[in-house]
Every structure is written in C-alpha cells, then in structure tokens.
1. Test each condition in (1) over 19 Å from Asp24 (Cβ atoms); (2) surrounded by 15 or more Cβ atoms within 10 Å (Cβ to Cβ); (3) modelled with pLDDT under 90 for Leu69 and report the one that comes out false.
2. What is the number of the single condition among (1) touching a residue at least 24 places away in the same chain (Cβ under 8 Å); (2) more than 21 Å from Gly40 (Cβ to Cβ) that Leu139 does not meet?
3. Residues being buried (at least 18 other Cβ atoms within 10 Å of the Cβ) and not hydroxyl-bearing (Ser, Thr, Tyr): count how many of those fall in segment 37-60.
4. Just to be sure, is Phe192 in contact with a helix residue (DSSP H, G or I) (Cβ under 6 Å, 6 or more places away or on another chain) and under 24 Å from Ile28 (Cβ atoms)?
5. What single numbered condition from (1) surrounded by 13 or more Cβ atoms within 10 Å (Cβ to Cβ); (2) touching a residue at least 24 places away in the same chain (Cβ under 8 Å); (3) out of contact with any strand residue (DSSP E or B) (no Cβ under 7 Å at 6 or more places or on another chain) fails to hold for Asp167?
6. Can you confirm whether Ala194 is at pLDDT below 95, more than 20 Å from Leu121 (Cα to Cα), touching a Lys or Arg at 6+ places or on another chain (Cβ under 9 Å) and small (Gly, Ala, Ser)?
7. Residue by residue through segment 99-122, note down the ones that are charged (D, E, K, R) and loosely packed, with under 14 Cβ neighbours inside 10 Å.
8. Go through segment 133-180 and report how many residues are under 19 Å from the mean Cα position of the chain (by Cα), at pLDDT below 90, under 30 Å from Pro113 (Cβ atoms) and not β-branched (Val, Ile, Thr).
Amino acid sequence: MNPIIIGTKRGPVDVMNLQPGDVDLSEICQTISQIGRFNGRGNKFFSVAQHSMVVYRILREQGHAPAVLLGGICHDFAEAFMGDIIAPIKRELPRWVKEAEGRAMEVIESVLPLGHWPTELVKKADGIACIAEARHLGLDTSWWDFFPIAAHRYRIGLDTRTILEMDMSPNLAAELLKSLYRDTLKEINPRFKA
C-alpha cells in the first residue's frame, strides 16, 4: 500500500503506517475540534470534538460506567488522522479504509489509555448523537435508514441539549474534550496522572 502522508505539528505522518510517536492528545483534540460534522453542512459549525462530547453525555445519561464513557470520548480519535467520512460514503469505501482506521485506533491506544468499551453501546449512542446533531443543525433526517428506529425516537436530556446548543470555538472544544478525557480517566483510576 502506498503511503498517505499528512502534515502535523511534529512533521509528516504516514496515515497507513501510524507510529506511537505520531500520537499526541492535545493535537488529536485540536484537530478534531476543527473538523466539521456532516462535511460542514448545517446552520452552524459543529465539530467532531463536540460530537464526542455529545456521545459521552448520552452514555452518561444512560448511566454507563466511566470505561464506557471513555469510549464515547475517544471513539473518533482516529479521525484526527483519517478525517470524518460521512456514513453514506463510509459504507461504500473499500475494506482497507476501515482497516486503516482500526489500525490508527490501535496505535492511538498504545499511547493513550482508551480502555476497552462495549463497541455496541458506543455505536448506539453515536447514532443517537448523529441524529440529534443533524436535527439541531437543521438537516433533513427523514430519509436516513442507516440507524435503528430507536435512535430516531430517543429524547436527549438537558445536559446533552446544552452541548448541542453551545456555540463553541475550536480551541474551547479541544480544551473541554481533553479535560473530559483526563477527568474520566481519573474516575476509572484515581492514580492516573495527566
């Protein structure tokens, strides 16, 4: 496979051969705070970092343990290297793209404690968040058939709605996500040093 090189603060990175030295929490949070959901469509900017906070909030509303909440925070960290590929396109991409994203998450996990979360719980919350965000941004979701009906009917709580409605600069989103990550790790392991 040919290298796919992107530029980072630390220099060039081969996305297809990500190395532990390429991974930095601050840079990941900053990068995904500048990537727009839905390819930037909607009535305002809404970032992948904000999306991660919404997924976290939904999981918290549902009463899940901190390890699951950490999954909500981290589930899109690979997008700092791969970009946010919208669901209808992602479904049609070749298998190697999904495998590359999986490898990127493995390398990220070798550097940052991500924990092991039940993928299905995070995926469900991710779907609920996606629909809530799209509706909040004024996008038509009536034709979406790639999420279960339950995700379309889910009613988000006040804390989650607050995150949806906040106008957040990318810098603020990055700092909040980084803080949320560190605080959740401390909930899992009080001896964790940030």
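1. All conditions are met except number (3).
2. Every listed condition holds for Leu139 apart from (2).
3. First, the residues of segment 37-60 that are buried (at least 18 other Cβ atoms within 10 Å of the Cβ): 37, 46-60.
Next, only the ones that are not hydroxyl-bearing (Ser, Thr, Tyr) stay: 37, 46, 48-51, 53-55, 57-60.
Of the residues in that region, 13 qualify.
4. Values: in contact with a helix residue (DSSP H, G or I) (Cβ under 6 Å, 6 or more places away or on another chain): yes; under 24 Å from Ile28 (Cβ atoms): yes.
Here the answer is yes, as Phe192 does meet what is asked.
5. Looking at each condition in turn, Asp167 falls short on (1).
6. Values: at pLDDT below 95: yes; more than 20 Å from Leu121 (Cα to Cα): yes; touching a Lys or Arg at 6+ places or on another chain (Cβ under 9 Å): yes; small (Gly, Ala, Ser): yes.
Yes; evaluated as a whole, the condition is true for this residue.
7. Narrowing segment 99-122 to residues charged (D, E, K, R): 99, 101, 103, 106, 109, 120.
Hits for segment 99-122 are Glu99, Glu106, Glu120.
8. 6
The values are calculated or read from the model by the stated rules, or taken from the named source; none is laboratory data. Here the structure is a predicted model, which means the values were calculated and not measured. Here Cβ is always computed from backbone atoms with ideal geometry, including for glycine, and neighbour counts include all displayed protein chains.
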